[in-house]
Amino acid sequence: MVYTSYPLTFEPIHPTTADNLLARAQALEPAALSQIHTEYYPAIYRYVAYRLNDEQLVEDVAGEVFLRLLDALHNRLRPVRDIRAWLFGTASHLVNDSLRNKYRKPLETLDDHESIPVGETPEHIAEFNERSAAVRVAITALTEDQQQVLTLRFAMDYSIEETAKIMGKSIGAVKTLQFRALGSLRRYLEQGAKE
Amino acid sequence: MKDQELNHLLDESLARLQAGETLEAVLARNPEWAADMRPILESVMAVWQTRGSDTVPVAAMVRSRERLLVEAQRRRALEPRRNPLFAWLSNFRTVTVSAVILVVVLTLGVTGLSSLNALPGDPFYPMKLAAETFTLSLPVKASVRLAWQDSYDLRRRQEVEGLIGRHSEVEVHFTGHLTKSEDGRWMVDEIPLVVTDDRIALLEKYNGRFVYVVADLLTDGQAYLEGIDTRLYEITGEVKEFDGASLRVDDVTLLVTHDTLIDMPPTVGDAVTVTSMRTGDGGLLALWIGKGPAPQSGLK
């Protein structure tokens, strides 16, 4: 079973506005759908990009998240109460499916990502790529919840409170999950370094 | 050290790292825990260092937005035009059931039995649908509502068969099991579908499922597929049993799997809403379980 939650108290948009926006989106109003897309696409893209690291796949998955939202709004398959939590939950499922299916390209193809600081030497870039790949491999060895918490907290910079609301867990549970995830990550990194 | 204290120390350490302190300086503040905290904080820093860019490709965003809006437009175009009376009844059912009963009884009195035999495209057909919608909003057991829904689904298929006999050209909505014959033809129960090539992949996905279909009937008795989706059932009621593998809501039992999305683990006595689909053996598979006050309409 996959436990999710759709907290009612957390919305980046004013609750009344959000309710109104949801109602308009359920009616497939283009302006409402466009507003939701503009508001949330960048965060969803970054989230997926961190976890998949394949530009084309990232675009496909991020786009699919919003088409799934359209499905949910239109067919009421999964009730949407908190748009952001719903989008991140769906993004997480799609990313996990993608990882499980080994659909993404090998990590070794980590390309010349724009995050590499300008002016770095080729040696630094190679070292950076190697380190990044090692961390990403180690992260994929964690449980889905652990991957989710590390991505939201340290790749997306969400606070504990925001992470708890997105994941539908208590703050205490997220803190404990985070701590264990970091411990496990460290072990996997050490294990990877020895191999 | 307890988890709570470790978490507190981690919070403090993270704040200091984010404020610009070095790892060694942070660890030096609590030397007794430095050995425990070092690997944890090094992991955090490793993740931070691999964060990558915050840049989102504008072209990707534009493409995604266009796909979303085009898909929304396509769905809007496929939506059946709602009869004004149907909409009126739907809006008022939560206000006063008795008033709606009166309206329906009076309306049925006027239209008589003719509406019961109406087919899509007939003047009284919207009345027939409105009466069905009304019965589904009555406060009855979930199993009763489910049985009514099944009988209405059967009625839709019989209507389509009647229209095929008339060689009618009209838009129809019906349900059934999607199958593919050996010669590659798609059927929903006994109704043959006309499918464009771009829909084949979609149909493969739904093959074998109990589906909801929107189609245009052709004079040759085939149905030109306009839209298809899994037939969903929304069941609301009180949790009677839940053991992780099955859930009983009122007198309806649903299968629960690891793919079931659960808002909060249901406990006996809770009011829940369950979105479900048919399994191959005619049972119900829970897709989503949510808590909350049950709406008046248990099955829509």
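The values are calculated or read from the model by the stated rules, or taken from the named source; none is laboratory data. Predicted model, so just to flag it, every value in this text is computed and none were measured. Neighbour counts run over all protein chains shown; Cβ positions are idealised from the backbone, glycine included. Only protein heavy atoms, including side chains, enter the accessible area calculation; ligands, DNA and RNA are left aside. Shrake-Rupley method; radii C 1.70, N 1.55, O 1.52, S 1.80 Å.
Structure above, values below:
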{"quantity": "Area of residue B:198 that stays accessible when all protein chains are in place (1.4 Å probe, Å², to 10)", "calculated": "120 Å²"}
{"quantity": "Semi-axis lengths, Å, region B:159-230, gyration tensor of Cα atoms, sqrt of 5 times eigenvalues", "calculated": "19, 12, 11"}
{"quantity": "Segment residue A:55-residue A:71, extension gain: residue separation times 0.36 nm, minus the distance between their alpha carbons", "calculated": "3.3 nm"}
{"quantity": "Pairs from A:169/B:240; B:205/B:240; A:165/B:291 whose Cα-Cα separation, in the structure shown, is over 28 Å", "calculated": "B:205/B:240"}
{"quantity": "Accessible surface of region B:159-230 [probe 1.4 Å, protein heavy atoms]: carbon and sulfur percent", "calculated": "47 percent"}
{"quantity": "Computed accessible area, residue B:287, all protein chains, 1.4 angstrom probe, square angstrom", "calculated": "40 Å²"}
{"quantity": "Computed FRET value (nearest 0.05) for residue B:224 with residue B:28, which takes r as the C-beta separation and R₀ as 60 Å", "calculated": "0.20"}
{"quantity": "Accessible surface of region B:3-42 [probe 1.4 Å, protein heavy atoms]: carbon and sulfur percent", "calculated": "50 percent"}
{"quantity": "Protein-only accessible surface order, largest first, of B:199, A:100 at 1.4 Å", "calculated": "A:100, B:199"}
{"quantity": "Per-residue average of Cβ from other chains inside 10 Å of B:65-74", "calculated": "6"}
{"quantity": "Area hidden from solvent between A and B (accessible, protein heavy atoms only, 1.4 Å, total, Å²)", "calculated": "5100 Å²"}
